[in-house]
Amino acid sequence: MGPGSGTFKAPNQRSRSEAPAMDIIFGRNKKEQREPVRATVTGKIPSWLQGILLRNGPGMHTVGETRYNHWFDGLALLHSFTIRDGEVYYRSKYLRSDTYNSNIEANRIVVSEFGTMAYPDPCKNIFSKAFSYLSHTIPDFTDNCLINIMRCGEDFFATTETNYIRKINPQTLETLEKVDYRKYVAVNLATSHPHYDAAGNVLNIGTSIVDKGKTKYVIFKIPAMVPGAGKKGQRPLKYTEVFCSITARSLLSPSYYHSFGITENYIIFLEQPFRMDILKMATAYIRGVSWASCLAFHGEDKTYIHIIDQRTRKPVLTKFYTDPMVIFHHVNAYEEDGCLLFDVIAYGDSSLYQLFYLANLNQNFENNSRLTSVPTLKRFAVPLHVDKNAEVGSNLIKLPSTTARALKEKDDQVYCQPELLLEGLELPRINYAHNGKRYRYVFAAEVQWSPIPTKIIKYDVLTKSSLKWGEEHCWPAEPLFVPTPGARDEDDGIILSAIVSTDPQKLPFLLVLDARTFTELARASVDVEMHLDLHGLFISDADWGTGKHPSWEEQDGASDGHVAPQT
Ligand SMILES: CC1=C(/C=C/C(C)=C/C=C/C(C)=C/C=O)C(C)(C)CCC1
Ligand SMILES: [Fe+2]
């Protein structure tokens, strides 16, 4: 492999007790737990909580002698906690993506990821490299779907941000077919954070790069139900429709984005000055640099706020903008008295991606991982009807509930100035029944000087107060809210979070909190190597009646008596 290969030699793996905390969390390859193993439950899991918590995240960071550069490159490791009658069963399985299979077969990294450019053929000289380049000008992206899980009708998919998703069996964690979004909608990239409406229809956004001379952001809808559902080959994806598209401001440098916002009648898309350079991407392979190096934050530019009216499927004509910022996660959005309010976790630069380079996470972590801009919960307010006669410089937001402002400028432009709600939080979740509607609570991971969460937090956007859960040497994952059946209050439910421990005396566990009080109801400890995951979902048995859909045929059972009940 040439020097420009972008992969390093893997160091020898140390044992758990000797390894520094950050190496346990980030550096080490995690072992699969293919057979379901019963957890030791302390406390009491509410009897109504029955279903599968299914989550995704990077688990393998080295293959043979080669190692990935960035934590977001790691091979996808799915894990699940099956909760039945107060018991918890854990299992984990690497996603058998084409990427995983090719890497394992070659015993080295052969597929490029976000922060690592890899070469399928060991390039010996400049001629073979140039030849190899010519056949890779339009790169085929990875199907290492490590970020999230998406539900489409009765199907579940592991997702990343490329054009590929992988169908999975949510019960066995088995990897099923590879789906190329491009077969159904012209997108080269798509988010791993789709939205769902009350009927379960999926709404997502992707980028179509230089297609017929245009680069567009494409909002598309995948129906939950399709005609003749259940018949072989009748998949919802076949019925994907383009909902609306927005032409990118720049043909060759579209914005990078990780999620979007939605209200009952509108969609919010932020075209941020964190952009991908398509020409750099087209030459990345021969230059031996990663995709990540083709992304740059342009602090001198604006962030454009696009509002799409779902009824007309057209963008609102007023040009709303705000200061340059980087957003990964939208929290929620809603309409109030002719205004649209949306809450996001905002950064002042793109340093977050920089911090997740494994080299920064391994040694001298405290110094290397200081965030140069703190993730901040910000509320924006956008006026839905701009009075043409309003004075230039006047604030168009008259809501008593927020200090966010929208200042009228000349040429029909409106400058939006957010209200700062809270600093130091990431991986936000809400009670999804309140998605797009007025809401009060944000459940998130608390991050202070470093991007690695040490606590989970419940933040009340109304009273601006918070409740927290944390324990020494415990690293919580994104907190997921599950409502109590028949709940009336927004916080009537529980919080689930998978906790990784770096205390050799403490096993990793699934934490169950009362969402109202943030007190611990139960924990389910498992003697496994658990990875710090990214995102996922809870599949409640109530959604399925029996808790098992007929198409999720069991392929593997446990042999040691610790068997997850087969419903
Ligand atoms: C492979 C690949 C990509 C992957 C991006 C990833 C994997 C991003 C992960 C982001 C996360 C986890 C953010 C958390 O807040 C790009 C840049 C889209 C485009 C080029 C090919
Ligand atoms: Fe995310």
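The values are calculated or read from the model by the stated rules, or taken from the named source; none is laboratory data. Note that the structure is predicted; figures quoted are calculated from it, not measured. Neighbour counts run over all protein chains shown; Cβ positions are idealised from the backbone, glycine included. We work out accessible area using only protein heavy atoms, side chains counted, and drop any ligands, DNA or RNA first. Shrake-Rupley method; radii C 1.70, N 1.55, O 1.52, S 1.80 Å.
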Shape call, the range 452-554: gyration tensor on alpha carbons, a/c limit 1.5: oblate
At R0 = 60 Å, FRET efficiency that the Cβ-Cβ distance of THR247 and LYS31 yields, to 0.05: 0.80
Whole-Å distance, taken between Cα centres, linking the range 146-220 and the range 499-527: 32
Relative contact order (percent, whole number), the range 366-499, Cα cutoff 8 Å, 6+ residue spacing: 19
The chain - mean residue ellipticity at 222 nm from DSSP helices (-39,500 (n - 2.57) per run, n ≥ 4, rounded to 500): -2000 deg cm²/dmol
Charge dipole magnitude, Cβ of K and R +1, D and E -1 - the chain, Cα centre, debye nearest 20: 1040
Under Karplus coefficients 6.51, -1.76 and 1.60, residue-wise ³J(HN,Hα) of the range 380-395 in Hz, glycine/proline x: 10, 10, 10, x, 7, 10, 8, 6, 4, 8, 4, 5, 4, x, 7, 8
Mean-position separation - Cα centroids, the range 318-332 and the range 27-69, in angstrom: 33
Estimated inter-spin distance, ARG370 and THR40, nm [label 7 Å along Cα→Cβ]: 4.1
The range 60-120: projected area of the alpha-carbon convex hull, averaged over directions, in nm²: 4.7
Extension gain, TYR415 back to ASP503 (0.36 nm per residue minus Cα-Cα distance, nm): 26.8 nm
Per residue accessible area in Å² of the range 296-409, where ligands, DNA and RNA are left out and the probe is 1.4 Å: 44
The chain, relative contact order in percent, only Cα pairs under 8 angstrom and at least six apart counted: 14
The range 201-314, relative contact order [Cα under 8 Å, separation at least 6], %: 20
Selection from VAL386, THR191, ASN431 lying farthest towards where the dipole of the range 3-544 points positive, charges on Cβ: THR191
Calculated from backbone phi, Karplus (6.51, -1.76, 1.60) coupling profile of the range 79-84 in Hz, x at Gly/Pro: 9, 9, 10, 8, 10, 9
HN-Hα J in Hz across the range 309-317 - Karplus 6.51, -1.76, 1.60, θ = phi - 60°, x for Gly and Pro: 7, 5, 6, 9, 6, 10, x, 5, 6
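For the chain, which whole percent of the accessible surface, found with a 1.4 angstrom probe, sits on carbon and sulfur atoms?
Taking all protein chains in place, the chain shows 52 percent carbon and sulfur surface.
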For the chain, alpha-carbon Rg relative to the globular expectation (2.2 N^0.38 Å, N residues): 0.95
Highest to lowest packing among 202-214, 50-62, scored as the average C-beta count within 10 Å: 50-62, 202-214
Nearby lysines by direct alpha-carbon distance to LYS167 (threshold 19 angstrom, same-chain neighbours under 8 apart not counted): LYS93, LYS178, LYS183, LYS221, LYS231, LYS232, LYS238, LYS548
Check: the range 276-426 dipole with +1 on Lys, Arg Cβ and -1 on Asp, Glu Cβ, in debye: 380
Stretch gain in nm, segment SER47-ASN395, where the contour uses 0.36 nm per residue and the Cα spacing is subtracted: 120.2 nm
Long-range amide H partners of ALA190 with built H, under 5 Å: THR162, THR207
Set of aspartates and glutamates with alpha-carbon distance to LYS388 below 19 Å, sequence-local pairs under 8 removed: ASP337, GLU409, ASP411, ASP412
